[in-house]
Protein chains: 2
Amino acid sequence: MAEAETSLVRFGIVGCANIARKVSRAILLSPNSTIVAVGSRSQEKATAFAKDNGFPPWARTYGSYDAVLDDPAVDAVYIPLPTSLHLRWAVLAARKKKHVLLEKPVALNVGELDKILAACESSGVQYMDATMWMHHPRTAEMKAFINDSQRFGRLKAVHSIFSYNSGPDFLNNDIRVKPDLDALGALGDTGWYCIRAILWAAGYQLPKTVTALRDAEFNEAGVILSCGASLLFHDGILATFYCSFLSNLTMEISALGTHGFLRVHDFTIPFQEKVGPFYVHANTKFAELSIGIEPGPTEHLVATDLPQEAMMVKEFSSLVEKIKVHGFGTDKIWPTISRKTQVVVDAVKASIEKGFEPVEVAY
Amino acid sequence: MAEAETSLVRFGIVGCANIARKVSRAILLSPNSTIVAVGSRSQEKATAFAKDNGFPPWARTYGSYDAVLDDPAVDAVYIPLPTSLHLRWAVLAARKKKHVLLEKPVALNVGELDKILAACESSGVQYMDATMWMHHPRTAEMKAFINDSQRFGRLKAVHSIFSYNSGPDFLNNDIRVKPDLDALGALGDTGWYCIRAILWAAGYQLPKTVTALRDAEFNEAGVILSCGASLLFHDGILATFYCSFLSNLTMEISALGTHGFLRVHDFTIPFQEKVGPFYVHANTKFAELSIGIEPGPTEHLVATDLPQEAMMVKEFSSLVEKIKVHGFGTDKIWPTISRKTQVVVDAVKASIEKGFEPVEVAY
């Protein structure tokens, strides 16, 4: 199939970050999308990236980001640039009528994100953040368990961890530890997922109070390398998380209900690509004499034909298709979830800056 | 074997609480201990308890606690009374030269515990709290992993949950929700274990700051039904826990190190009596393209011939034996650990009472 004939959603990649390799593969795997262009600050880098990542032969390679946005064949852009560049390039993309799949952390603060969302809304283009795990079929199955009033009951507590031991090269050189590039550090990179997990479990209500946990760790430039927070919700749900660049790769959610408990140990990136497990404890009681329990926990395996990042691209592309082909309006759910996540990121940062004092979350 | 001939440590049970059934079984299972007496406020209750729990035929049954303490054949007492009675009966037991195995929570505050410990010290009798999971062979194996500088690295974060859904009858009637009996509520009952787990993982250093998490839940009498806290240690270890009477039975420790991660899902009461599993992630890295990880986590199964509560009795009895038969002094480790746990319990309670403000922990 030649490019002109395609009914697929045609992506342009804006920047050749490492994560763009994974998402490019996902765009090519997803049945309703393809890649038609990639731009980098260097033409050589763009050309090499297209070649190394199996782009279709007709895909254009550009020595600038602008050229991707000016390419009329591009329906949608994926933006994996450093966070400090998101405001500029996402707004510009929206103004050029490109749908926006934006890498997280999506913005340095909710003020920036609101400008991005307003630009997308005003141009009628779809916005979605690239939080892959939301799109694994496991995520919906886990949510069904949390929503099960018999087996899980009411949510009472959530805990999430996302950390990895980034190593000396990362800690000296990566954009994620540079205040002018990804100023949110570990909070934006891994904390983003923990916060999303908590909001997801709590049905996307915002917490009323966010309190960072004493103490956070920073590099010399003041970028967060590890931190945690507790989130209190209106109905008494108490959530905590811990995110870090300085600890072993760990990706946990535990959600505790009145009658059940759910745990998942690879929520952001499944240990295996084709199947995601999670573990359920329901109506657990001590056995006679408090020796053992009954019933025991059960393992649930959720298979997926497409990796979660391709499921994400498929969902995004189907929303784009609805707008482009069928004249639908933009979906509002993904932007709303993204904004709530950013609101909590901001609150954690504010709490840290206030010396770990509680921060009331504005609606 | 008749009582007079025994070289076993001879226990008296002071009170017929439900938990005393499990510990009585443990005393009879342990190879170095036996039961020679039980006292209750009611003679009938003591007699029925001895019969129902397979006591040896020579075991005396008494209609008072005093009578157990006055029985010259009793070497050691197990005290499962409500916490508010511990000070009186543990001190009295020590004065009567009985070694003291004390159910947790051991005291209403560290001031009380110090009086108990001073009485034991002054009488030369052994003190130990009845925290069973400390004695499962799994606990030592888990600690060996946490101490492994190659596979775990330095401890960075700990999270623990212990909750159970106690139900309406418990919430109306149980001693653990009565301010005059077990005034520490869920903090003393299940939080005790979480705090112990954190101290255990952190090598029994005390935290420098304890901050209760907003908010705790209370009953009408002001007894804690659920709460959490964060603990900050001098070397930056950040620990959190959540304890509750209002959520599904859940017993978690997760310990995160620079190079490894440990999780256990049944730390207080193993799902199975004869084998305790735990899960280890060591030097975990993202696989190519951040698709999956390598290496995967591994399950470790630790078998035990004796249930952990019998291992506890065996350890206690061997310390008693060393004093009684060999003239050793009392062991100081268990009292020290118990006291540190109480210090942190007190700090969490103080933080809640101060409106969730940080509390500096006194040494």
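The values are calculated or read from the model by the stated rules, or taken from the named source; none is laboratory data. None of these values were measured; they are calculated from a predicted model. Glycine gets a Cβ as well: all are built from the backbone with ideal geometry, and neighbour counts include every protein chain shown. Surface accessibility is based on the protein's heavy atoms, side chains included, excluding ligands, DNA and RNA. Shrake-Rupley method; radii C 1.70, N 1.55, O 1.52, S 1.80 Å.
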Checklist line | Test: residue B:112 is free of Cβ contacts under 8 Å to residues at least 60 places away in the same chain, more than 14 Å from chain A (Cβ to nearest Cβ), surrounded by fewer than 22 Cβ atoms within 10 Å (Cβ to Cβ) and touching a His at 6+ places or on another chain (Cβ under 8 Å) | finding: yes
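Any idea which residue in the stretch A:325-348 is nearest to residue A:360 (Cα to Cα), counting only those that are among the β-branched types (Val, Ile, Thr) and open to solvent by 60 Å² or more (accessible area, probe 1.4 Å)?
Step one: of the stretch A:325-348, the residues among the β-branched types (Val, Ile, Thr) are A:325, A:330, A:333, A:336-337, A:341, A:343-345, A:348.
If we keep only those that are open to solvent by 60 Å² or more (accessible area, probe 1.4 Å) too, we end up with A:325, A:333, A:336.
Working: A:325: 43, A:333: 24, A:336: 19 Å.
It comes out as A:336.
If only one of A:267, A:286 is closer than 30 Å to residue B:245 by Cβ, among the aromatic types (Phe, Trp, Tyr) and more than 10 Å from chain B (Cβ to nearest Cβ), which one is it? Break it down stepwise before answering.
Numbers: A:286 fails: more than 10 Å from chain B (Cβ to nearest Cβ).
Of A:267, A:286, the one residue that is closer than 30 Å to residue B:245 by Cβ, among the aromatic types (Phe, Trp, Tyr) and more than 10 Å from chain B (Cβ to nearest Cβ) is A:267.
Considering the stretch A:337-363 alone, what residues qualify as being within 14 Å of chain B (Cβ to nearest Cβ), over 15 Å from residue A:232 (Cβ atoms) and charged (D, E, K, R)?
Of the stretch A:337-363, the ones within 14 Å of chain B (Cβ to nearest Cβ) are A:347-348, A:351-352, A:354-361.
Adding the requirement that they be over 15 Å from residue A:232 (Cβ atoms) leaves A:352, A:354-355.
Within the stretch A:337-363, just A:354 meets the criteria.
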Checklist line | So residue A:351, is it under 30 Å from residue B:359 (Cβ atoms) and among the hydroxyl-bearing types (Ser, Thr, Tyr) | finding: yes
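Here are some residues: A:130, A:94, A:90. Which one is crowded, with 20+ Cβ neighbours inside 10 Å, over 19 Å from the mean Cα position of the chain (by Cα) and closer than 30 Å to residue A:362 by Cβ?
Criteria check complete, one pass: A:94.
Does residue A:138 fit the bill of being more than 15 Å from the chain's Cα centre (by Cα), open to solvent by 10 Å² or more (accessible area, probe 1.4 Å), within 30 Å of residue A:7 (Cα to Cα) and away from chain B (no Cβ under 14 Å)? Spell out how you get there, then give the answer.
Values: more than 15 Å from the chain's Cα centre (by Cα): yes; open to solvent by 10 Å² or more (accessible area, probe 1.4 Å): no; within 30 Å of residue A:7 (Cα to Cα): yes; away from chain B (no Cβ under 14 Å): yes.
Against the criterion (more than 15 Å from the chain's Cα centre (by Cα), open to solvent by 10 Å² or more (accessible area, probe 1.4 Å), within 30 Å of residue A:7 (Cα to Cα) and away from chain B (no Cβ under 14 Å)), residue A:138 does not qualify.
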Check: How many residues does the stretch B:240-269 contain that are within 16 Å of residue B:139 (Cβ to Cβ) and out of contact with any helix residue (DSSP H, G or I) (no Cβ under 7 Å at 6 or more places or on another chain)?
Finding: 6
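So which residues in the stretch B:251-266 are outside any loop (DSSP other than H, G, I, E, B), farther than 18 Å from residue B:191 by Cβ and open to solvent by 10 Å² or more (accessible area, probe 1.4 Å)? Break it down into steps so the answer makes sense when it comes.
Within the stretch B:251-266, the first condition is being outside any loop (DSSP other than H, G, I, E, B), and the residues that meet it are B:251-257, B:260-264, B:266.
Next, only the ones that are farther than 18 Å from residue B:191 by Cβ stay: B:256-257, B:260-263.
Passing the criteria: only B:263.
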Checklist line | Enumeration of residues in the stretch B:267-292 that are more than 32 Å from the chain's Cα centre (by Cα) and buried (at least 20 other Cβ atoms within 10 Å of the Cβ) | finding: B:284
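So, residue B:341, is that one in a loop (DSSP other than H, G, I, E, B), farther than 30 Å from residue A:132 by Cβ, modelled with pLDDT of 95 or more and among the hydroxyl-bearing types (Ser, Thr, Tyr) or not?
Numbers: in a loop (DSSP other than H, G, I, E, B): no; farther than 30 Å from residue A:132 by Cβ: yes; modelled with pLDDT of 95 or more: yes; among the hydroxyl-bearing types (Ser, Thr, Tyr): yes.
When the stated conditions are applied, residue B:341 does not pass them.
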Check: Taking residue B:279 and the conditions (1) in a loop (DSSP other than H, G, I, E, B); (2) out of contact with any helix residue (DSSP H, G or I) (no Cβ under 9 Å at 6 or more places or on another chain), which numbered condition does it fall short on, given that it satisfies the others?
Finding: (1)
Check: Across the stretch B:210-238, what is the number of residues that are in a loop (DSSP other than H, G, I, E, B) and at the interface with chain A (Cβ under 7 Å from one of its Cβ atoms)?
Finding: 4
Note to self: If residue B:194 meets every condition in (1) without any contact (Cβ under 8 Å) to a residue 60 or more places away in the chain; (2) over 16 Å from residue B:164 (Cα atoms); (3) surrounded by 19 or more Cβ atoms within 10 Å (Cβ to Cβ) apart from one, which number is that one?
What the structure shows: (2)
Checklist line | Residues located in the stretch A:197-222, provided they are surrounded by fewer than 23 Cβ atoms within 10 Å (Cβ to Cβ), closer than 21 Å to residue A:354 by Cβ and of a type outside the set (S, T, N, Q) | finding: A:206, A:208, A:214, A:215, A:217, A:218, A:221, A:222
Checklist line | Scan of the stretch B:240-299 for residues that are farther than 23 Å from residue A:132 by Cβ and aliphatic (A, V, I, L, M), ordered by number | finding: B:246, B:249, B:251, B:253, B:255, B:262, B:264, B:269, B:275, B:280, B:282
Check: Which of the strands (runs of 3 or more DSSP E) contained wholly in the stretch A:1-79 include at least 1 residues that are touching a Leu at 6+ places or on another chain (Cβ under 8 Å) and crowded, with 24+ Cβ neighbours inside 10 Å?
Finding: A:9-14, A:33-39, A:76-79
Next item on the list: Quick one: count up the residues across the stretch A:310-324 that are surrounded by 24 or more Cβ atoms within 10 Å (Cβ to Cβ) and among the polar types (S, T, N, Q).
Entry: 1
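Checking the conditions here, which among B:295, B:307 is open to solvent by 50 Å² or more (accessible area, probe 1.4 Å) and either more than 24 Å from residue B:147 (Cα to Cα) or without any contact (Cβ under 8 Å) to a residue 60 or more places away in the chain (or both)? Outline the logic, then answer.
Values: B:307 fails: open to solvent by 50 Å² or more (accessible area, probe 1.4 Å).
When all the criteria are applied, what remains is B:295.
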Next item on the list: Please enumerate the residues belonging to the stretch B:295-327 that are at pLDDT below 95 and either within 14 Å of chain A (Cβ to nearest Cβ) or touching a helix residue (DSSP H, G or I) at 6+ places or on another chain (Cβ under 8 Å) (or both).
Entry: none
Margin query: Which numbered condition in (1) at the interface with chain A (Cβ under 10 Å from one of its Cβ atoms); (2) in contact with a Phe, Trp or Tyr (Cβ under 9 Å, 6 or more places away or on another chain) is the only one that residue B:245 fails?
Written below: (1)
Item checked: Pick from the stretch B:225-250, criterion open to solvent by 10 Å² or more (accessible area, probe 1.4 Å) and within 21 Å of the chain's Cα centre (by Cα), ranking: nearest to residue B:206 (Cα to Cα) -> B:242
